[in-house]
Amino acid sequence: SSAFQARGITRVASGSLPRRASSWRSCIGRIDSAMASVAEAAVVSGAVATGAFRYNRENYMYDQGLRWSRFTTGYSMSMAQAAMYREDIRDLTALTVTKQDTYHTVGVIFFVLNFQLIMAGRLGVHGPSPPGWLLGLYWTNICSALTFLVMFTWMAMHASARATAGSAFMLTRHVRLPIPTPKMLDKARKTGNSYEKQRVADVLRVPFVCPAGQESEVDPEAGWRVPISDRRMPRWYHDEVDELRKDEGGAKPVAGSNPEHFELYRGLQEEWWSYDVYARIGIFYFMCHWLTSASLYSQCHIFTELRCIWPAYTTTACFVFAHRGILSLDILKKPREGSCLMGLPVEKVVPFTPFLCCIGMTIDYSILDPTPVRQGIIYGLAWVCYAIHFAWALRMYDLAAPVMSVQEREESPGKPWWPQEWPLPPAFEEAIYMVSAPKATQQPCLQQEMKAAKGKRGYEVPTRRARGAPPATLPWKLFRGACITVISMWVFIMIGRAFEQINGERWLLKQEGRMERWPSHMQPWMSPWTRKGSRNEMCHAGGCDRRLAESDGEAHQDFAGTAQRLMATLAPIADALEGNAAARSSATTTPSPTYAMAPSQQVAWPAEFRPTLLAASEEAGALVAFTAGRRGAFVDVGEQAASTVAHFVTEGIEELGEIMGAVWVHGGLVVTTTRGDIAECAGVPTSGTWACRRVGAPSLRLPEGLAAAAAGRAASTGRLQAAVVFEGEDAIVLFEADEDAVEWLPAGEVHLPHAGRTASAAPRLSMTASGEDLIVSFEDGLVLKRSLVAGGGMETVAMPRAASGKRWHSACGFGARRVAHLVSSAGIGAMPELFVSSASA
C-alpha cells in the first residue's frame, strides 16, 4: 500500500492525484472483502468437513458394531436352525425305529404263542387225532404263519438297525453346528483406528449432498464393479460383504430350495425303507394265518376233547370277525393292472373258511351214520376251504408286489408320504405309515444363506445329495420267496389230500388194526406202544387221568389178594407136580437147582434186639443184622446154628434218620437212611461203635417220598449205585453217581413182575457185595434177584412155604447163589429167626 501511495503521490504530483486515489481505495476494499469471504468460506468449509468427518466416523463405528452383532446373531440363529435339523433327523429315524421295535416285540411274543399251537398244544395227544382234512388246513396255516413271523421279525431288526446307523452317520458327519473359528471371529471384529484406512470420499462425504454409491459387486467378466441394487451403501459395507459373506459354494437361497440334510437323508432312507414296508406287511400276513390256525385249533380241541358243538361256533366267530377286521383296516381297495387274479377280492371270503370247517366237524363228530353222502359233504366243504386258501395265497403275492408311482404324492397332514421313485405296494398305502424327508420347505435355510453369494451370480455349486442308487429290492425278493413257499405248500397239501381220498385215509402209516379215521367219535383211544402195560398207559401230555389211576390201583390190590389166596391153595399141588417132573426127567437131563428156605438158624440175639435188616460179606458165614435205630450185631452162621460175635452201635449218622438199607462192600458197610442220604462205615466196629460218615453224593429223597432204598459200590468201577422205590410206585429205579457228584444219574428201571405184592407193603432192597446183583424181598417171603450187569428179568431165588403169622423182613445174598432172610413171628416176645436158602435137586 505504501508503494501505491508513493505512486499515487507521484501521480498527484503530475496532476491526477484525486481521481486515482479514489480508484485504489475501492479496489483495496474489494480485495479486503474477497479475502474476508475466502476466510469465511474456509471457516465454513472446515466446519463442514469436520462435521462430515465426525458424522461418517460415527456411522462407521455404528456399522462396525452392527457388523459384529450381525455376525454373532447370524451364527446363533444358524446354530439354532442346525439344532432343529438334527432334531429332524432324530424324528424321522424315531418313526422307523419305534415301529420296528414294536413289530419286533410283537414278533417275540407271538413266537411263543405260535410254538404253543405247534408243540405244547399238540393235537392227538389228549385224545384221538382230528380228521386229516382239517389237519391239512391247520398245519398249512400255522406253518405259513411261522414263515411270515420269521420274515417280519428279521426285517424289523434290519430296518431298526439300519435306520439307527444312518441317523448316527448323518448326525456325526453332515448335520453339524456351524461354529465360527477364531480366525473368522478376528476377521469379523474391527478396531476404531481402522477408520483411518477408509477412502476419503467415505470419510468426508456430506450427507444428503453427496449420497453413497449404489450397492455393487465385481463383475468377473468386465473386471470392475457393477451395481446390483438401488441401495446406497458405503464402501466399508462392500468390504464387509467381500470379507465375510463371499461365495463359498452351496445351495441357491431362493424360494422352494430344500435344506441339504433333507436331501441327504432321503437318499439314505434307500437303505431301509423297503425293510420297513415289508416288515409291516409281514406282520399283517402272519396275523391272518395265525388267526385262522387258532380258530381251527380251537375246533380240534373242542370237538375231540371237550366233545362240545356250540362253543366251537362261538369261539370261531371271535377269530373270524377279528380276521375280517384287520383285513378291512389294512388292505386298500385300489384297481391294479396285470393282477394274477384279475383283482378278485379273496380277502372278503377267506376269513369265513373256519365256519365251513366247523360245519364239517359237526357232521364228522355227530351221531349220524357215516354214509357216503355225508362223507362227500364233509370232503366238499374241505375242498372249498382248500381252494379259497390257495386263492388267498395267490392274492397275497399280488397285493405285496411293488408298483412305481406315475406322479408325486400330495402331502397331507396325518397321512404317509414318500417320493415318487420309491416302488411300494399300493394296496397297503394307508397301513405302512411311511414318512420320508420332504422335497421342498417354506422356511429359508440360514446355513445356505450364509454360504451363498449375493447377486445374480451367487449360485454356482449344486446342493449336496446322497449318492444315487436303484431302489432296494432285496426285501421284496425275500418276501416274494415266502409268498411262493406258501403257494407251494397249498399245492402240495391239496395233492396229498387228493391222494388220501383216493387211496384211503391214513393208509400210508402203520396203526393198530388199520382202522379208518371216520367218523372220529367211533375211534377208541390208542396209547403208544411204549406205554403198554405200564401205569402211565392212559396218561397224556397234560398228566394222568387220576380216576383211571385210582381204579388201576384198586384192581392191583384186588389182584394181589386173589393171588395170595390162590398161592396158598396151589402150593402143595405145585410141589407135587415139580417132584414128578423132576423124577421123569432125571434119567436124561441134569436138573436145574430149585431153592427153598432151610430150617431157621438158632441165633442168640441180645435182649431187646429186633433186627429187620441184613447184610452179608463176600465170604460165606458172616452176616451183620441191623435195627432201624442204628443198633447192629455180627452173626456167625454155621451148618445148623448161628451165634452173634459182636454188638455195636453206628455213630456219626444220627441226624440222617433211620437206616432203610445196608450193603456190605469192600472195605466197609454202605447204609441208606430214610432221608435218602448215603453213609459209609469203614472197616469194622471198634469198642462197640462203628464210625460212619455221610458220603458226598446228593440225597435220593424226592417230594414223593421213599418206600425202599439200598445203595452199594460197584466192585469194577468203585462208583456208587442205588436202587429206589418211591411212594406209590411199583417199579425200582436204578441210579449211579460218583462220590463227589452233584446229582444222581438214571441207570435204568426194573418193573416188578409181582406188582400186586407191593400194594400193602413196599419190598426190601439189598445188593450183593460186588454190586452185580439186586436182591428184592417181599413180606410173604418171596425173594427175587436181578443182575445189574447183564440185565434181563427177575429170577426167583427163594420161595418159602406159606405160613400164617410170619412176617418176612430183609434178605441179602449169602455166598454162591444163596440168600439169608429174617423172619419174625406174631407172638409177643418172639425173637426174630434167621433162614438161609439151600439148593436141592
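Only one of the numbered conditions (1) farther than 19 Å from T147 by Cβ; (2) under 35 Å from the mean Cα position of the chain (by Cα); (3) open to solvent by 50 Å² or more (accessible area, probe 1.4 Å); (4) of a type outside the set (A, V, I, L, M, F, W, C) is not met by P354, and that is (3).
Hey, does segment 70-77 have a residue that's under 60 Å from the mean Cα position of the chain (by Cα), of a type in the set (G, A, S) and modelled with pLDDT under 85? So far as segment 70-77 goes, yes, one or more of its residues are under 60 Å from the mean Cα position of the chain (by Cα), of a type in the set (G, A, S) and modelled with pLDDT under 85. Go through (1) at pLDDT 85 or above; (2) of a type in the set (D, E, K, R); (3) farther than 30 Å from D91 by Cα; (4) open to solvent by less than 40 Å² (accessible area, probe 1.4 Å) for R280 and report which single condition fails. Result: R280 passes all but (3).
Would you confirm whether any residue within segment 464-474 is modelled with pLDDT of 85 or more and either under 31 Å from the mean Cα position of the chain (by Cα) or assigned to a loop (DSSP other than H, G, I, E, B) (or both)? Looking through segment 464-474, at least one residue is modelled with pLDDT of 85 or more and either under 31 Å from the mean Cα position of the chain (by Cα) or assigned to a loop (DSSP other than H, G, I, E, B) (or both).
Among the residues of segment 651-668, those that are in contact (Cβ under 8 Å) with a residue 60 or more places away in the chain and under 19 Å from S699 (Cα atoms) comprise G661, A662, V663. Of everything listed in (1) part of a strand (DSSP E or B); (2) crowded, with 18+ Cβ neighbours inside 10 Å; (3) modelled with pLDDT under 75, the single unmet condition for P800 is (1). Scanning segment 628-653 for residues that are at pLDDT below 85 and within 29 Å of E727 (Cβ to Cβ) turns up A628, G629, R630. Does V435 satisfy the condition of being within 33 Å of the chain's Cα centre (by Cα) and open to solvent by less than 60 Å² (accessible area, probe 1.4 Å)? Answer is yes for this residue. Checked against (1) surrounded by fewer than 21 Cβ atoms within 10 Å (Cβ to Cβ); (2) modelled with pLDDT under 80, E772 passes all but condition (2).
All conditions in (1) modelled with pLDDT of 85 or more; (2) closer than 24 Å to A762 by Cβ; (3) in contact with a strand residue (DSSP E or B) (Cβ under 7 Å, 6 or more places away or on another chain); (4) surrounded by fewer than 24 Cβ atoms within 10 Å (Cβ to Cβ) hold for R675, with the sole exception of (3). Set side by side, the residues V346, V384 differ, and just one is surrounded by 17 or more Cβ atoms within 10 Å (Cβ to Cβ), β-branched (V, I, T) and in contact (Cβ under 8 Å) with a residue 24 or more places away in the chain, which is V346. Identify, by number, the condition in (1) open to solvent by 20 Å² or more (accessible area, probe 1.4 Å); (2) more than 18 Å from E739 (Cβ to Cβ) that A691 doesn't meet. With (1) open to solvent by 20 Å² or more (accessible area, probe 1.4 Å); (2) more than 18 Å from E739 (Cβ to Cβ) applied to A691, the lone miss is (2).
Rundown of residues vs (1) open to solvent by 20 Å² or more (accessible area, probe 1.4 Å); (2) modelled with pLDDT of 95 or more; (3) over 16 Å from the mean Cα position of the chain (by Cα), yes/no style:
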{"position": "W139", "(1), (2), (3)": "yes, no, yes"}
{"position": "I142", "(1), (2), (3)": "no, no, yes"}
{"position": "F152", "(1), (2), (3)": "no, no, no"}
{"position": "A156", "(1), (2), (3)": "no, no, no"}
{"position": "S160", "(1), (2), (3)": "no, no, yes"}
{"position": "T172", "(1), (2), (3)": "yes, no, yes"}
{"position": "V175", "(1), (2), (3)": "no, no, yes"}
{"position": "P178", "(1), (2), (3)": "yes, no, yes"}
{"position": "T181", "(1), (2), (3)": "yes, no, yes"}
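Just wondering, is there one or more residues in segment 103-112 that are part of a helix (DSSP H, G or I), open to solvent by 50 Å² or more (accessible area, probe 1.4 Å) and among the hydroxyl-bearing types (S, T, Y)? Among the residues of segment 103-112, at least one is part of a helix (DSSP H, G or I), open to solvent by 50 Å² or more (accessible area, probe 1.4 Å) and among the hydroxyl-bearing types (S, T, Y), which makes the answer yes. Taken over segment 300-329, residues that are touching a helix residue (DSSP H, G or I) at 6+ places or on another chain (Cβ under 7 Å) and either open to solvent by 70 Å² or more (accessible area, probe 1.4 Å) or modelled with pLDDT of 90 or more (or both) amount to 12. One residue stands out among those in segment 402-426 that are under 17 Å from L332 (Cα atoms), surrounded by fewer than 18 Cβ atoms within 10 Å (Cβ to Cβ) and among the hydrophobic types (A, V, I, L, M, F, W, C): the one that is farthest from the chain's Cα centre (by Cα), which is M404. The set of residues in segment 394-437 being among the basic types (K, R) and at pLDDT 85 or above consists of R395 alone.
The values are calculated or read from the model by the stated rules, or taken from the named source; none is laboratory data. Bear in mind that the values here come from a model prediction, so they are computed numbers and not experimental data. Because the Cβ atoms are built from the backbone with ideal geometry, glycine has one as well, and the counts that use them run over all protein chains shown. The area values use the complete protein model at the heavy-atom level, side chains included, leaving out ligands, DNA and RNA. Shrake-Rupley method; radii C 1.70, N 1.55, O 1.52, S 1.80 Å.
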